[in-house]
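Encoded as structure tokens, the structure appears first; notes follow it.
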Amino acid sequence: MICGSGRVAETRFNGGSQPYTHRGFLVYWDSLQSFHERFSMRSGDERQRISGQSPYEPIIGFSRAVRCGHFISVSGTGPVNPDGSSAGGDDPALQMASCLEIIREALERAGSRLEDIVRTRIYLTSAADWESVGRVHGKYFALCRPASTMVVVAALLRPEWKVEVEADAIISEKD
């Protein structure tokens, strides 16, 4: 559809439409419309909101996860216990395991499992923690090996949190 260089990487579907520039990219409306039709929710699909036990959900106004068709997005998940206290103490590996267990629970409630995860984003408050956190990630995802990114940030919602994780899953049609 679009290339970073501003060239159109896909031919026009209905011919004759004029391209326009959006954020520095050259876009053909026909291509954009086709992309939207292929990847948006079909009529009859419903948005399923999965609540968790985070005390922040009603305050911030978010769901632990949202399922639309075969796609599930899990919100940024910190190491928080159901009673609102922080899990994992000062150990980034234990905090990571807590985050992944919360994600596992949300996915199961959405009809999915950890093996369906295709993307994780890991936010760390210290680059020194990458290996211990990465090893926990590796144990949970040894077989499915999703695309993943680790980013070091200045801080998370609570000062004692050293890690937060987001995840995206796609349930295969055969499931």
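Scanning region 142-169 for residues that are small (Gly, Ala, Ser), surrounded by fewer than 10 Cβ atoms within 10 Å (Cβ to Cβ) and under 19 Å from SER54 (Cα atoms) gives a single hit, ALA155. Restricting ILE72, ILE102, ILE122 to residues that are under 18 Å from ALA169 (Cβ atoms), touching a residue at least 24 places away in the same chain (Cβ under 8 Å) and part of a helix (DSSP H, G or I) narrows the list to ILE102. With respect to (1) out of contact with any Asp or Glu (no Cβ under 9 Å at 6 or more places or on another chain); (2) within 21 Å of ILE122 (Cα to Cα); (3) among the basic types (Lys, Arg), the lone exception for ARG47 is condition (2). Residues in region 131-157 that are assigned to a loop (DSSP other than H, G, I, E, B) and under 16 Å from the mean Cα position of the chain (by Cα): PHE141, CYS144, ARG145, PRO146.
Among the residues of this structure, GLY88 counts as one that is assigned by TED's automatic domain parsing to the domain that holds ALA127, part of a loop (DSSP other than H, G, I, E, B) and at pLDDT 95 or above. Of everything listed in (1) of a type outside the set (Asp, Glu); (2) surrounded by fewer than 14 Cβ atoms within 10 Å (Cβ to Cβ); (3) closer than 25 Å to GLY61 by Cα, the single unmet condition for SER172 is (3).
Determine whether ARG67 is at pLDDT 95 or above, in contact with a strand residue (DSSP E or B) (Cβ under 7 Å, 6 or more places away or on another chain) and over 30 Å from TRP130 (Cβ atoms). It is true that ARG67 is at pLDDT 95 or above, in contact with a strand residue (DSSP E or B) (Cβ under 7 Å, 6 or more places away or on another chain) and over 30 Å from TRP130 (Cβ atoms).
The values are calculated or read from the model by the stated rules, or taken from the named source; none is laboratory data. The shown structure was predicted, so the numbers you read here are calculated from the model rather than taken from an experiment. Neighbour counts are summed over all protein chains in view; Cβ atoms, including those assigned to glycine, are modelled from backbone coordinates with ideal geometry.
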